[in-house]
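Novice: Take this structure first; my questions come after.
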Amino acid sequence: MGFSLEGVGLTHANGFRALRGIDLRIAPGERVALIGASGAGKTTLLRVLAASLRPGEGRVTLLDGEPWACAPAALRRLRARIGLVHQSPPIPPRQRVVTAVLAGRLGQWPLWKSLASLVLPVDPNGARAALARLDLAERLYERCDRLSGGQQQRVALARVLYQQPDLLLADEPVSAMDPALSELTISLLNEEATRRGVTLVASLHAVDLALRHFPRVVGVKEGAILFDLPAAQVSDALLRELYAAEGGLPLAGGLRAPEPAETAGELPPLRCA
Amino acid sequence: MRAGVSFGGLLAVVLVIAAVAGSFAYLDMPLGALFAGAAAGEIVDFVGRFFPPELGPAFLAKVGWAALETLAISLVSTVLAAVAGAVLALPAAGRHGVAGQVAARFVLNLLRSVPELVWATLMVLAAGLGPFAGTLALALHTTGVLGRLFAEALENTPPAPAEALAGSGAPSLAAFLYGTFPLVAAQWLAYALYRWEMNIRMAAILGFVGAGGLGALLYFSLSLFHEAEASTVILAMLAMAVAVDGASAWLRRASA
Amino acid sequence: MSTAVRDPAALPRLGWTLVALVLLWPLLRLTDFHPAALFEAGNLTAMGNFLAGFLPPETSPDFLSLLGKATVETLAMATAGIALSILLAVPLGLVLTRSLSIARLGPGRRGWIGQLLRAVARALLAVLRGVPELVWALLFVRVFGLGAAAGVLALGITYGGMLGKVYGEILESADARPARALLEAGSGRLAALCYGLLPNAASELVSYTVYRWECAVRASVVMGFVGAGGLGQLMDQSMKMLNGGEAASILATFLVLVVAADGLSELLRRRLA
């Protein structure tokens, strides 16, 4: 139930070479953090793991299946078992929170159930339980555009919790949250993965969060893997090399406050149209 | 920037003047006769026959019924067109490949380019005289207009929400309804309401070719030289248009 | 189940759905909605024969010359109608423009005259454009007899109402300061218009007029149905005689004309923008 990448390389349509020669093998139930400078290829790597980007080279095996070798219906079933928390919450602003959370199981529900849920939410209790773990239960019937950026990110997280995937992926899930909330949220993801025994891969901008919460840390630099080590063995020298281009380690704080400008710069523009 | 009048601008002005003069000359408009004494008297006489409007209860009931019919034609046709337009807008926005896009755009352009009145004459043949033909005719033309507007709205919509859902295995219809539809719904509704405002005016006219509603009544009244009745019908048309404008503005505000 | 989980929108939704359904039934009855009529044997054969007559389109030289004349007549109607409507719209639009009001400059004594004049102009424009052009055409056909004159006058009146309103709006929304400065310096209204307002508003005014010309071409195509000449009248005759071949040729001409007007107007407006 884990996954493996062998010699995976990917070039975007605009000619940018995002990944090269990635070899990565992760066992079921492992919890891994991806760290690296902005633009290093963390998002692309996660999207390959989510079976939403097809790499140009190499072999991908996910949850004991080869996504790009199977029929469309089988690929759809495979994707329904993978949950990806996006960096910018992909939620329509005018949608209600309950609908946004329930959308997590569209891949598992038959079509009639999805359609019925648009008229009357079929499982409000389930959505509420997922939101309650993120301290948002009372916003169940609110519209998403009434929420702050951090709250929307938590709604997106609740959607993936509700999906109950076998492979839990998260792309900078805490970029719009303050340090205390980031800490709580990352703990929650880890707890969820441990409790259900599923694999967790999260990319994080803040190095200290990654080192504190994840047993295994993978450093990505310029589309390739720089190191792949247990958290305790990640040395300062390696980190300095990893972030050589950024001139300093990005930290979430907890001990020291983050520079607000940096967090703001990382914040994706929220669509409010 | 060049100073003064450019050669192109001058040429355009000359061309426009020539086109206008040519048009009037070609049409041989009796503009002079219009303002000659006898004709002017005739016109005053003609206008005078419209007053006062016919307000007998029997005729008012007839006008009320026709007005209801007109309202029904405009509403039903707009709803039909909104549904059909949405169905055609998906391929027209390029969601089902290039071949689908070209085909859908062709159909939408064809529906849109043929005026409502022409559709109405065709539909009177296909469905017989009466409001149903008018409904179909308006629905066909409006489908073309709304389909194009809907498709443009779709093209300007961020694809990320629907892609995220499809990425977690949602079927494409569910991904559209949960990820894209909430983004375009308000705009689609605004477009549909705007078309409804146009359609109430068109629905009043379609009766001229036998498609029911106020137009039929106006046509008969004028054919029988009952100008007082005609002026009541025209007043009813004006009132309907104003009422629908108000309702549409209210709905738009309520849904925003 | 706790009350918080009950969907607060469920009841209103149910209510509005019921209202819509209850309203839909009489509406469908009123429109005599019976799709089956489309497939009745009589109607099918009538339509089938008519459509079968479409091929081949009529291309005899006699008919083509008739068609050509009607096409030119339609274009001339649209152009003359727009010219007439401009004559009507310019004075009314100027009256509506408050930035050209001299009385508003100082402590106005006679301001009420201007206000009254504007109110009258606004009401006049509303009536002119409130009655559809086809109704005007129908009326004018009674006065002037069959022919293009009725169509031109109908177009001129309806479009005069529309153009006048929009001209007023465009001039109002243009920067009023240059005109105001000129008026304060004692110049006349006409000079203030030409040197103060037009430079800013001219391209928008022309662009809207061109767009209206395009609409006028469409409108004059159908104007013939009430006897106001042009392609519509030809179409009406062909339809009444169930002559499919002629109808097909006319329809094709319609489409070409509408698409060409569309393209020309877009080209002109892009050049102006």
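Novice: Can you tell me which residue among B:133, B:120, B:139, B:127 is at pLDDT below 85 and within 14 Å of another protein chain (Cβ to nearest Cβ)?
Specialist: It is B:127.
Novice: Could you list, in sequence order, all residues of the range C:53-85 that are facing chain B (nearest Cβ under 10 Å) and either surrounded by fewer than 19 Cβ atoms within 10 Å (Cβ to Cβ) or touching an Asp or Glu at 6+ places or on another chain (Cβ under 6 Å) (or both)?
Specialist: Across the range C:53-85, the qualifying residues are C:69, C:72.
Novice: Being touching a residue at least 24 places away in the same chain (Cβ under 8 Å) and crowded, with 21+ Cβ neighbours inside 10 Å narrows it down to one of A:9, A:36, A:58, so name that one. Walk me through it before giving the result.
Specialist: Details: A:9 fails: crowded, with 21+ Cβ neighbours inside 10 Å; A:58 fails: crowded, with 21+ Cβ neighbours inside 10 Å.
Selected residue: A:36, the only one of A:9, A:36, A:58 that is touching a residue at least 24 places away in the same chain (Cβ under 8 Å) and crowded, with 21+ Cβ neighbours inside 10 Å.
Novice: Quick test of your reading of the structure: residue C:272 fulfils all but one of (1) away from chain B (no Cβ under 11 Å); (2) more than 24 Å from residue B:111 (Cβ to Cβ); (3) surrounded by fewer than 17 Cβ atoms within 10 Å (Cβ to Cβ). Name the failing condition by number.
Specialist: All conditions are met except number (1).
Novice: Determine which member of the set A:51, A:74 is of a type outside the set (Phe, Trp, Tyr) and more than 19 Å from the chain's Cα centre (by Cα).
Specialist: Result: A:74 is the single residue among A:51, A:74 that is of a type outside the set (Phe, Trp, Tyr) and more than 19 Å from the chain's Cα centre (by Cα).
Novice: Exactly one condition in (1) over 24 Å from residue C:129 (Cβ atoms); (2) assigned to a helix (DSSP H, G or I) is not met by residue C:210; state its number.
Specialist: Every listed condition holds for residue C:210 apart from (1).
Novice: So, in the range A:12-30, exactly how many residues are within 21 Å of residue A:87 (Cα to Cα) and surrounded by 20 or more Cβ atoms within 10 Å (Cβ to Cβ)?
Specialist: 2
Novice: On the given criteria, is residue C:50 assigned to a helix (DSSP H, G or I), facing chain B (nearest Cβ under 8 Å), under 31 Å from the mean Cα position of the chain (by Cα) and surrounded by 14 or more Cβ atoms within 10 Å (Cβ to Cβ)?
Specialist: yes
Novice: Say we look at the range A:203-258 and pick out the residues that are at positive phi and at pLDDT 85 or above; which of these is surrounded by the most Cβ atoms within 10 Å (Cβ to Cβ)? Walk me through it before giving the result.
Specialist: Looking only at the range A:203-258, we keep the residues that are at positive phi, and these are A:222-223, A:247-248, A:253-254.
With at pLDDT 85 or above added as a condition, the list becomes A:222-223.
On the way: A:222: 15, A:223: 21.
Taking the candidates together, the pick is A:223.
Novice: Let me ask something else. Would you check which residues across the range C:232-242 are over 15 Å from residue C:133 (Cα atoms) and facing chain B (nearest Cβ under 10 Å) and list them?
Specialist: Step one: filter the range C:232-242 for residues over 15 Å from residue C:133 (Cα atoms), giving C:233-242.
Result: C:235, C:236, C:238, C:239, C:240, C:242.
Novice: Filter the range C:172-229 down to the residues that are within 12 Å of the chain's Cα centre (by Cα), within 14 Å of chain B (Cβ to nearest Cβ) and free of Cβ contacts under 8 Å to residues at least 60 places away in the same chain and list them by number.
Specialist: C:214, C:215, C:218
Novice: For the range B:99-117, which positions are within 10 Å of another protein chain (Cβ to nearest Cβ) and either in a helix (DSSP H, G or I) or charged (D, E, K, R) (or both)?
Specialist: Those that are within 10 Å of another protein chain (Cβ to nearest Cβ) and either in a helix (DSSP H, G or I) or charged (D, E, K, R) (or both): B:109, B:110, B:112, B:113, B:116, B:117.
Novice: Run down A:29, A:41, A:36, A:104 and say which single residue is within 10 Å of chain B (Cβ to nearest Cβ) and either at pLDDT 85 or above or at positive phi (or both).
Specialist: Answer to the selection: A:104.
Novice: Which residues, counting only those in the range B:212-225, are surrounded by 24 or more Cβ atoms within 10 Å (Cβ to Cβ) and either within 10 Å of another protein chain (Cβ to nearest Cβ) or in contact with a Ser or Thr (Cβ under 7 Å, 6 or more places away or on another chain) (or both)?
Specialist: Listed by number, the residues that qualify are B:212, B:213, B:214, B:215, B:218.
Novice: Still on this structure, I have one more. Please list, ordered by residue number, the helices (runs of 4 or more DSSP H) wholly in the range B:148-243 having 3 or more residues that are under 19 Å from the mean Cα position of the chain (by Cα).
Specialist: The qualifying helices (runs of 4 or more DSSP H) are B:181-206, B:214-223.
Novice: Would you point out which residue out of A:146, A:96 is surrounded by fewer than 19 Cβ atoms within 10 Å (Cβ to Cβ) and either touching a His at 6+ places or on another chain (Cβ under 8 Å) or of a type in the set (Lys, Arg) (or both)?
Specialist: Exactly one of A:146, A:96 is surrounded by fewer than 19 Cβ atoms within 10 Å (Cβ to Cβ) and either touching a His at 6+ places or on another chain (Cβ under 8 Å) or of a type in the set (Lys, Arg) (or both), namely A:146.
Quick grid of which residues meet (1) at the interface with another protein chain (Cβ under 10 Å from one of its Cβ atoms); (2) at pLDDT 85 or above; (3) surrounded by 20 or more Cβ atoms within 10 Å (Cβ to Cβ):
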residue: B:155; (1), (2), (3): no, yes, no
residue: B:159; (1), (2), (3): yes, yes, no
residue: B:170; (1), (2), (3): yes, yes, yes
residue: B:180; (1), (2), (3): yes, yes, yes
residue: B:183; (1), (2), (3): yes, yes, yes
residue: B:186; (1), (2), (3): yes, yes, no
residue: B:190; (1), (2), (3): no, yes, no
residue: B:198; (1), (2), (3): no, yes, no
residue: B:209; (1), (2), (3): yes, no, yes
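Novice: Given (1) more than 7 Å from every other protein chain (Cβ to nearest Cβ); (2) within 18 Å of the chain's Cα centre (by Cα), identify the lone condition not met by residue A:91.
Specialist: All conditions pass for residue A:91, except number (1).
The values are calculated or read from the model by the stated rules, or taken from the named source; none is laboratory data. Not measured: the values here are computed from a predicted model. FYI the Cβ positions are ideal-geometry reconstructions off the backbone, even for glycines, and counts take in every protein chain you see.
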